Every structure is written in C-alpha cells, then in structure tokens.
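Engineer: First the structure, which I've put down as structure tokens, then a few questions once you've had a look.
What follows is calculated from the coordinates using simple rules that are stated; it is not laboratory data. Small disclaimer: the values here were computed from a predicted structure and weren't measured. Glycine gets a Cβ as well: all are built from the backbone with ideal geometry, and neighbour counts include every protein chain shown.
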Amino acid sequence: MAKVIAFSNQKGGVGKTTTCVNLAAYTARAGKRVLVVDMDPQGNASSALGFFERKDKKSVYEVLVGDIEAAGAVKKTETEGLDIITSSGDLAGAELELAQVMIGRERVLDEKIEAVKEGYDFVFIDCPPSLGLLTVNSLAAADGVVVPIQCEYFALEGLSQMMNTIKLVKKFLRPAIEVEGVVITLYDGRAKLSKGVVGEIEKVFGDKVYLTKIPRNVRLAEAPSYGKPVSDYDPKCAGAQAYEKLAEEFLRRINK
Ligand SMILES: Nc1ncnc2c1ncn2[C@@H]1O[C@H](COP(=O)(O)OP(=O)(O)OP(=O)(O)O)[C@@H](O)[C@H]1O
Ligand SMILES: [Mg+2]
C-alpha cells in the first residue's frame, strides 16, 4: 500500500514542484513504484514530466468532480516506474465546485486515490501555493508532508499558518499525518546568509530538516521546458546529484 506524501508550502516558487518531480524520478529509479498527482491548476508537475496538454479530459479535475476513477486518469511517464495523474486548466474551477459539496468535500481526493494506492510504493502530491480546498484535499490524503523551504531571508514567513493547517487536518481529517521532512532549496553554500537561514529553519524543524540541501542550479530550471526530470535531462549536474542524494535520504528515513 502506497505511502502518500504531499509537497506543500503556501509560499509560491519555493521548489515544491521541482522537488516533487525530481524526488519522484529518483525514487522510481531506486526501484520504487511512484505516482505523482498534480493538484496545482498551474500544471507545472505535469509539464515537467512531459504532459503539456492543458485541455486533457482525463485529468485530476475529472477525478475530483467528474465521474472517472483515478485509475482511468493514470498515465505513464518516460521514467520507468513513474506514473502521473495530470492537472488541467479546468482544475482552477474545482476549488469552487468542491466548495459546494456539502459533506466530505475535504476528503474527495483521499477517497478517489484509495483504489490506486495498492499499485504503488509512493503517491507524491504536488500542491498549489495556497491553503485552499485543493491543498486541504491533498493534506487529508497524505501520510506525510514534505515542506520545501527556499533558503532566503523571510524563509519562515507564513509557515506558521501552514503548520496550523496541518494541525487542523491532523485533528479533524487525518490523524496519521506528520511532517515527513523539510527540504532546503535554492541553497548557496558560499553565502553567509544561507547558513544563518539554515540555522533558523533548524531551530523550528530540528532533525526534520534533510541533511541534503538543494543548490541553486540552472539545469533544474531548464529541465521542465524539455518535459523531463533532471535525471533524464542532465544527470551529472549538481542539481541532479542533490536530488539523487535526497531520494536516498528520503528512502532511508521513511524506511521503505
Ligand atoms: N534548485 C533550483 N535551482 C534553480 N532553479 C530552481 C531550483 N528550484 C526551483 N527552481 C526554479 O524556480 C522556479 C520555482 O520553482 P518551483 O516551480 O519548483 O516552485 P513551486 O514552489 O512549485 O512554485 P509554485 O508555488 O508556483 O507552485 C521554477 O522556475 C524552477 O524551475
Ligand atoms: Mg509548483
């Protein structure tokens, strides 16, 4: 039965999608079966894995508010062992449509993916940069949350709101949810500021912070435009090596 991990931080542009997609690719390369679910209307995880079509009618939108089963929306990526349920332009409307569901609107994703969990070791959910119903649905389906934090001044701003949301989800929707780990992204080991920020993050999250830090690396930013994870685009670059190491650390910690 798959462990479900949500990649979440309400702040935009901190590396949620980059981490979700590349960690998924290296986890699959380590022999695990991984399903990425793109819960962001921006569809960045979908395009990063080669699915650029925004009008597809077998996307996570139809799974959430239409009548197709999750299994009917699963697509294979070019990485062996890595599948995806893509986002589509319609997903932006799902937030409002879900809001009109009177009972159980926070649990729709959880219920829908239950049937496909058996076929995977991990389901990785890429969340949008907000704390709306799409994120709450993602968290309510998750056993663990990986929080990417950009290594910059004000890195921790807004995170207390996010932690509070996780607390509420734990209390009312998903008692088993835990913060699985914190990934420091866009890290510059040479900058004095970076070390200070890492210290601040570690003060809050302690040993939840992964030892592997993700450097700023332009290859990581280029790979999505080719529809490839960095493991296929440029496996030798520093960013690829960091995500490969992060996948090892992730698997070691989660013991799976
Ligand atoms: N380590 C990195 N080095 C260089 N560029 C990066 C790195 N990580 C992410 N980027 C780039 O920074 C931008 C934001 O990253 P990403 O899309 O992963 O963040 P996000 O948190 O998912 O954003 P959003 O909140 O919009 O969903 C992207 O253009 C991405 O390619
Ligand atoms: Mg994103």
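Engineer: Treat each spin label as a single point 7 Å out from the Cα along the C-beta direction, and report the residue 114 to residue 225 distance in nm.
Structural biologist: If labels sit at residue 114 and residue 225, their model points lie 4.4 nm apart.
Engineer: Follow-up question, since we're still on this one. Can you list the residues of segment 197-235 with backbone N under 20 Å from a point 7 Å past the Cα of residue 170, pointing along Cα to Cβ?
Structural biologist: Only 201-210 fall inside the zone, counting backbone N under 20 Å.
Engineer: Classify segment 49-110 as rounded, prolate or oblate, taking a ≥ b ≥ c as the square roots of the eigenvalues of its Cα gyration tensor: rounded when a/c is under 1.5, otherwise prolate if a/b is larger than b/c and oblate if not.
Structural biologist: Because a/c hits 1.5 or more and a/b exceeds b/c, segment 49-110 counts as prolate.
Engineer: Counting only helical runs of four or more DSSP H residues, what would the 222 nm mean residue ellipticity of the chain come to if each run contributes -39,500 (n - 2.57) and the total is spread over all its residues?
Structural biologist: -11500 deg cm²/dmol
Engineer: Let me ask you something else. Taking every pair of Cα atoms in the chain, average 1/r, invert it to obtain the Kirkwood radius, and report Rg/Rh to two decimals.
Structural biologist: Ratio of gyration radius to Kirkwood radius: 0.94.
Engineer: Work from the charge dipole of the chain (Cβ charges, +1 for Lys and Arg, -1 for Asp and Glu, about the Cα centre) and give the residue of 250, 209, 20 farthest towards its positive end.
Structural biologist: 209
Engineer: Follow-up question, since we're still on this one. Distances over 13 Å make up what percent of all Cα-Cα pairs in segment 196-238? If you can, show how the numbers build up before the last one.
Structural biologist: Working: 558 of 903 pairs.
When all Cα pairs of segment 196-238 are counted, 62 percent exceed 13 Å.
Engineer: What percent antiparallel are the DSSP beta bridges of the chain, to the nearest 5? Please list the in-between numbers first.
Structural biologist: Working: 2 of 28 bridges.
In the chain, DSSP labels about 5 percent of beta bridges as antiparallel.
Engineer: If you put +1 on each Lys and Arg Cβ and -1 on each Asp and Glu Cβ, how big is the dipole of the chain around its Cα centre, in Debye rounded to 20? It would help to have the intermediate numbers written out before the result.
Structural biologist: Numbers: 34 positive and 35 negative charges, 145 e Å.
Approximately 700 debye in magnitude.
Engineer: Express the Stokes-Einstein translational diffusion coefficient of segment 110-167 in µm² s⁻¹, to the nearest whole number, given a Kirkwood radius over alpha-carbon pairs, 4 °C and a viscosity of 1.567 mPa s.
Structural biologist: Once the numbers are plugged in, D ends up at 100 µm²/s.
Engineer: Now for a different question. By how many nm would the segment from residue 203 to residue 153 grow when fully extended, if each residue of separation counts as 0.36 nm and the alpha-carbon distance is taken off?
Structural biologist: Working: separation 50, 0.36 × 50 = 18.00 nm, distance 1.49 nm.
Here the answer is 16.5 nm.
Engineer: Using the structure shown, list the pairs from 75/117; 75/245; 3/170 with a Cα-Cα distance above 19 Å, or answer none.
Structural biologist: 75/245
Engineer: Follow-up. Let me make sure I get this right: for segment 1-152, a, b and c are the square roots of the gyration tensor eigenvalues over alpha carbons, sorted descending. Under 1.5 in a/c it's rounded, otherwise prolate if a/b > b/c, else oblate. Which is it?
Structural biologist: rounded
Engineer: Normalised by the residues of the chain, what does the relative contact order come to in percent, with Cα pairs under 8 Å and at least six apart?
Structural biologist: Reported relative contact order: 26 percent.
Engineer: Please report, ordered by residue number, every helix of the chain (full DSSP H runs) that is 27 Å or longer along its axis going by C-alpha atoms and whose mean Kyte-Doolittle hydropathy reaches -1.0.
Structural biologist: Passing helices, by number: none.
Engineer: Mind running the shape call on segment 71-154? Use the C-alpha gyration tensor, a ≥ b ≥ c as the square roots of the eigenvalues: rounded below 1.5 for a/c, prolate if a/b tops b/c, oblate otherwise.
Structural biologist: It is oblate, given that a/c is not under 1.5 and a/b is not larger than b/c.
Engineer: Below 16 Å, Cα to Cα, which lysines can residue 195 reach? Residues fewer than 8 away in the same chain don't count.
Structural biologist: 203, 213
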